[in-house]
1. Residue B:85: assigned to a helix (DSSP H, G or I), among the hydrophobic types (A, V, I, L, M, F, W, C) and either under 22 Å from residue A:400 (Cα atoms) or touching a residue at least 12 places away in the same chain (Cβ under 8 Å) (or both), yes or no?
2. Among (1) more than 25 Å from residue B:152 (Cα to Cα); (2) part of a loop (DSSP other than H, G, I, E, B); (3) within 14 Å of chain A (Cβ to nearest Cβ); (4) small (Gly, Ala, Ser), there is one condition residue B:79 misses while meeting the rest; what is its number?
3. Would you confirm whether or not region A:372-386 contains a residue that is within 14 Å of chain B (Cβ to nearest Cβ), in a loop (DSSP other than H, G, I, E, B), touching a Pro at 6+ places or on another chain (Cβ under 7 Å) and acidic (Asp, Glu)?
4. Within region B:106-129, is even one residue more than 14 Å from chain A (Cβ to nearest Cβ), in contact with a helix residue (DSSP H, G or I) (Cβ under 6 Å, 6 or more places away or on another chain) and on the phi < 0 side of the Ramachandran plot?
5. Checking residue A:272 against (1) within 42 Å of the chain's Cα centre (by Cα); (2) surrounded by fewer than 24 Cβ atoms within 10 Å (Cβ to Cβ), which single condition isn't satisfied?
6. So is residue A:187 under 43 Å from the mean Cα position of the chain (by Cα) and acidic (Asp, Glu) or not?
7. Any residue that is within 24 Å of the chain's Cα centre (by Cα) and at pLDDT 90 or above - is there at least one of those in region B:130-137?
Amino acid sequence: MNAIAKQVWALPGGIHPPENKHQSTASAIAEPFIPTELVLPLSQHIGSPSKVVVAVGDAVLKGQLLAECQGNVSAAVHAPTSGVISAIENRAIPHASGMSAMAIVLKPDGKDQWRERQPWQNWRDMPRDDIFARIAAAGVIGLGGAGFPTATKLGFDPERINTLVLNGTECEPYITADDMIMRERADEIIAGAQIMADLLQVERVLIGIEDNKPEAIAAMQAAIPDSLAARFIIKTFATKYPSGGEKQLIWILTGQEVPSGRIPADLGIVCQNVGTAAALYRAVVQDEPLISRITTVTGDAVGQLGNREVLIGTPMNELLEAHNVDWQKADRLVMGGPMMGVALADAKVPVIKTTNCLLLPTRKELPLAGPEMPCIRCGHCEQACPAGLLPQQMLFYAKNKELERLEQQNLFDCIECGACAYVCPSDIPLVQYYRFGKGEIRREQAEHEKSERAKARFEARQARLEAEKAEKEAKRQARAEAARKAAEAKKKEGSAAPAAIAKATSKVAAQSGPIDIAALEKAVASAQAKVDQAIVKLNEAKETDPGNLPAYERALGKFEEKLAKAKTALTEGKAKADDPVERAKRQAAAKAAGVGPSVADLEKKVATQRQRLQKIAEKLKAAQDNGDDTSAIEKGMQATQARLNKAQAELDKAKAEQAPADDVGAKAIAAAKEAAAKRAAGIGPSADELRGKVAKQQERLAKIEQKLADAQAAGEDVSAIEKGRDATAKRLEKMQAELAQLEE
Amino acid sequence: MITILVAIAALGILSLLFGALLGFASVKFRPEGNPIVEQIDAILPQTQCGQCGYPGCRPYAEAIANGDDINKCPPGGESTILALADLLDVEPQPLDAEHGTEKPKQVAIIREDECIGCTKCIQACPVDAIVGAAKQMHTVIADECTGCDLCVDPCPVDCIDMVPVETTLNTWYWNKPDANIIATDGGRQ
């Protein structure tokens, strides 16, 4: 049972670099000291920078909140000791770029006076939400190196999580901070782990420790109370770098592999550093926010090697001087270990929450890498890679900036442990190439995102401009339309006199195409009148003024010319007027103008009705001749007759209106036209014509009666003749009725 | 003999059948627009600066699809030329200096106390990255600015500066390692 519980899985790949841990484990963790100033960057963690809540000149107490969380993934910053805020400004930070960032600068007053604390010895009785609030407010982040806010990591849905992994591996050479905290503060770690386990409601807590830390293992084992022995399992395994990587440790302890691009929580696992657990205990139970951490100060250039509890924000140079550093011997200052640490250009940067080690090696102790030589494809790197990647391929792609292929090689699964570079016989700085490649990919992604946004904005702008243009055009057209309508309305108002109507219509006709036949006819008539007059005058002149005869002749010629022109215009206009399109246009124009049908139109209408009537009459006649039933045709004829009457009435009315100002000629023409139309129609509403028709019909009827009589005498079938006689008689009756109506 | 005839007939019928099918498909499933234009447009940096001589990135993408040179985009620089060469399977060419040189990324900054609020730069900005109103101070939304410098010329008081985009902690990435040529380059004694 015990053997199964303690089972571990072997880490693939990995290396065995010199451990160099004994130098810094000889002495106990040293007490913190208060430096001359504390520099507290706002972004010591992964996530958004915290938000300053104090002002320059504020006096603050130890543990007082200086900057609060901003966003979901963030961590607060607290005063590591009492003092005065001397500045909030850009300061150099411990970062590979050597850049500076916003930081709160605290001038300690030396009193180290705590703010009021509310320890929760009975933290188990506290509501879960209160505990979360306290953790979030305490600024606890992962102290193993990455600096992920602990509150976020503990905030997973407990349903999802079944295992808490406590990472006490500390596989990187030189670093002993976790080793020492396990030796000296094992009970705090276990208490912190208990809080975590309670919040996540996990069944088991796996504590992973490499077998090169027997004292730590023993201390941790001793710190686990019997009641928890079943849940808290310490697993020890052979020392191998990089067993302490989160995904690597999970593999070693559980035999489960975190899939590419996923997080341990997807397997139901949360991984926390032992130092984080201790910090959590202090935050929850003792109400002490994260204001200090254990940092290893080591390397051959350091006089007094060991671990120290350091206030966050302590300038590194002050810390190093407290450990009697020989600056002459030191080759460089490395934050972190020799494998994954970054060399810092400036020692005046502060210790931050993730500073687990300061390494000051001599050049002999940690020589710089030699010149990069060509890859010989030995394959050692591939065997050393704990993530199962192909370092050679990634190197080539990174060198040639083939980013897409680099990504296909799962570059982002690389934990940058440096095992490949460590074993490389050609001294190729592989990890630097991978970091470069990751940077390039991220940069390209950012640029692509930005260019997509720019494209969207550009297209939106184009669309907007086009819409604006279309809208302007529509408005312009609407204005033009309104202006035109207004002008027409004005014209209509001003044309109370019928003469003006004629003028306006003729104008409209001249302007916009619709042809006013009446106006043209009028012009012809007036020209004719003038020609007649000229002839009369010429005749007179022949007798009275023979000397001026040529002048009269010229005048006559002119008038004749005008008459010819007017006549051609009239014929053209008539031709056009017969065009159905032109007619429709004219009607539409007339309607739009609100003038109503012109006299000419009415005349046309009357003529059309007459024509129809004639056609119907012909039909009726044909039907009668055939002896068919003519009642429907007769009905139609009546309706047409009524329409004709109506049109005639309208025409008369329009003419009456027009009459006073109308030219005599136009009237004559109209009359002539009417007569012509009547002639064309064959049947007119005039009483005389009707009388003639009635007479004719009577004649016809007489003939039919004669025929009928003859047929009856001959003994023939007379039904058809009788039918025809009846129809003729009916028609006669109708005609007589019409005549009577007309005579009335 | 009959076998050959049957084979020819069968093949003939099949080819007619598939020919008809292909003909139908080519009409029915004809893609709208030129898909290569989309791909080219995706590679171009979308600064909409017009340095290539076309009014925006898309028109240039269309021009490239119609056979124009791929080396007229200074904001995209070498990487864009290489990507285009890769996409179109043509020889990469050096950037055509006639259209400008590859410069570090820039962003427009309005010296706000000198701005008279004429809105000329707002009208010039192809991506609406300048905010302001008539007779009010204008300012650039730095995150949306593509650094095309189209706003610089229209400014009547010359109060717009093009400054290189500063690297922040969020945009800082590791450099490509320098290859040491000889042992002492690395400082080894």
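The values are calculated or read from the model by the stated rules, or taken from the named source; none is laboratory data. It should be emphasised that the depicted structure is a prediction, and the values quoted were computed from it without experimental measurement. Cβ atoms come from the backbone with ideal geometry, glycine included; neighbour counts cover every protein chain shown.
1. On the way: assigned to a helix (DSSP H, G or I): yes; among the hydrophobic types (A, V, I, L, M, F, W, C): yes; either under 22 Å from residue A:400 (Cα atoms) or touching a residue at least 12 places away in the same chain (Cβ under 8 Å) (or both): yes.
Criteria met by residue B:85.
2. Among (1) more than 25 Å from residue B:152 (Cα to Cα); (2) part of a loop (DSSP other than H, G, I, E, B); (3) within 14 Å of chain A (Cβ to nearest Cβ); (4) small (Gly, Ala, Ser), residue B:79 violates only (2).
3. Within region A:372-386, the subset within 14 Å of chain B (Cβ to nearest Cβ) is A:372-375.
Okay, now just the ones that are also in a loop (DSSP other than H, G, I, E, B), so A:372-375.
In the following step, the residues that additionally are touching a Pro at 6+ places or on another chain (Cβ under 7 Å) were identified as A:372.
Pick out the ones that are also acidic (Asp, Glu) and you get A:372.
Checked against the condition, which is being within 14 Å of chain B (Cβ to nearest Cβ), in a loop (DSSP other than H, G, I, E, B), touching a Pro at 6+ places or on another chain (Cβ under 7 Å) and acidic (Asp, Glu), region A:372-386 yields at least one hit.
4. no
5. That leaves (2) as the condition not met.
6. Details: under 43 Å from the mean Cα position of the chain (by Cα): no; acidic (Asp, Glu): yes.
When the stated conditions are applied, residue A:187 does not pass them.
7. Quick first cut of region B:130-137, residues within 24 Å of the chain's Cα centre (by Cα) only: B:130.
Remaining after also requiring at pLDDT 90 or above: B:130.
For region B:130-137, residues within 24 Å of the chain's Cα centre (by Cα) and at pLDDT 90 or above: present.
Matching residues to (1) modelled with pLDDT of 95 or more; (2) of a type in the set (S, T, N, Q); (3) surrounded by fewer than 17 Cβ atoms within 10 Å (Cβ to Cβ):
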position	(1), (2), (3)
A:388	no, no, yes
A:409	no, yes, no
A:415	no, no, no
A:427	no, no, yes
A:435	no, no, no
A:441	no, no, no
A:446	no, no, yes
A:453	no, no, yes
